[in-house]
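Enquirer: Quick one: this structure, given as structure tokens, is what I'll be asking you about.
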Amino acid sequence: MSQIWFLFLSEFSLISAALIAGVFLTFSDFVMRSLDGAKTSAGIEVMQAINREVFRTIFMVLLIGMWPVSAGLGVYAFLQPAQSGGAAIMAAAIIYSVGVMGITLVFNVPMNNRLAARDSDSPEAEAYWSDTYFPHWTFWNWVRAVASAAAAVCYLTACLQIVHHS
């Protein structure tokens, strides 16, 4: 891979990780609190709608698409140890894979699926929302926000190193 392509993919990854961090931050900072402040069944119903709609968004393309891009850059950087910015790229790939995709697949998606399986007006859904979904989903979403931002910082560091050494 030429230095220009490596820099381009690193810049793309920087922007993508920062955008993903922004979406996660938005949800953790005020969307989830707003949903929780509404009538419980309304908050549940809106979150169920968001979880259905998210699959048809650019956000989802970036979230999922960044995983192979990040992993590919990390592998390339590992195989090219003299590559400028390589350590930062490998760190970004690990942070994104574990802190964003790992958390998403292990915690947030299963909670979304359990919420989707409930009738928003049911006492079971309201108990699940209050006791489990809202506090735990929001916590793990904060982890994803921080991990995405950390990956973006690693990509920024790599880009600066690449430009400085070229």
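The values are calculated or read from the model by the stated rules, or taken from the named source; none is laboratory data. A quick note: this is a predicted structure, and the numbers were derived from the prediction, not measured. So basically every Cβ, Gly included, is an ideal-geometry build from the backbone, and we count neighbours across all protein chains shown.
Enquirer: So which of 114, 118 is assigned to a helix (DSSP H, G or I), basic (Lys, Arg) and modelled with pLDDT of 95 or more?
Expert: Being assigned to a helix (DSSP H, G or I), basic (Lys, Arg) and modelled with pLDDT of 95 or more holds for just one of 114, 118, which is 114.
Enquirer: While we're here: Kindly establish whether residue 97 is closer than 16 Å to residue 5 by Cβ and among the small types (Gly, Ala, Ser).
Expert: Criteria not met by residue 97.
Enquirer: A follow-up question, please. Can you pull out every residue in region 91-120 that is free of Cβ contacts under 8 Å to residues at least 60 places away in the same chain and either under 14 Å from residue 147 (Cα atoms) or hydroxyl-bearing (Ser, Thr, Tyr) (or both)?
Expert: 93, 94, 95, 97, 98, 99, 101, 102, 103, 104
Enquirer: So which of 11, 53 ends up being at pLDDT 95 or above and in contact with a Cys (Cβ under 6 Å, 6 or more places away or on another chain)?
Expert: Every option except 11 fails the conditions.
Enquirer: Still on this structure, I have one more. Out of 156, 160, 105, report the one residue that is at pLDDT 95 or above, in a helix (DSSP H, G or I) and more than 22 Å from the chain's Cα centre (by Cα).
Expert: Result: 160 is the single residue among 156, 160, 105 that is at pLDDT 95 or above, in a helix (DSSP H, G or I) and more than 22 Å from the chain's Cα centre (by Cα).
Enquirer: Mind listing whichever residues of region 122-134 are surrounded by 13 or more Cβ atoms within 10 Å (Cβ to Cβ) and farther than 23 Å from residue 59 by Cβ?
Expert: Listed by number, the residues that qualify are 125, 126, 127, 128, 130, 132.
Enquirer: Additional query: For region 53-79, name all the residues that are closer than 20 Å to residue 3 by Cβ and polar (S, T, N, Q).
Expert: 70 - this is the single residue of region 53-79 that is closer than 20 Å to residue 3 by Cβ and polar (S, T, N, Q).
Enquirer: Same structure, new question: Among what's in region 67-99 and is of a type in the set (S, T, N, Q) and part of a helix (DSSP H, G or I), pick the residue that is surrounded by the most Cβ atoms within 10 Å (Cβ to Cβ).
Expert: Across region 67-99, the extreme among qualifying residues is 70.
Enquirer: Now a separate question. Got a number for residues in region 89-147 being touching a Lys or Arg at 6+ places or on another chain (Cβ under 7 Å) and farther than 30 Å from residue 77 by Cβ?
Expert: Result for region 89-147: 3.
Enquirer: Search region 4-19 for residues that are farther than 17 Å from residue 61 by Cβ and touching a residue at least 40 places away in the same chain (Cβ under 8 Å) and pair each with any residue that is assigned to a helix (DSSP H, G or I) and of a type in the set (Asp, Glu) when their beta-carbon atoms are under 7 Å apart and the residues are at least 6 apart or on different chains.
Expert: As it stands, the answer is none, since no pair meets every condition given.
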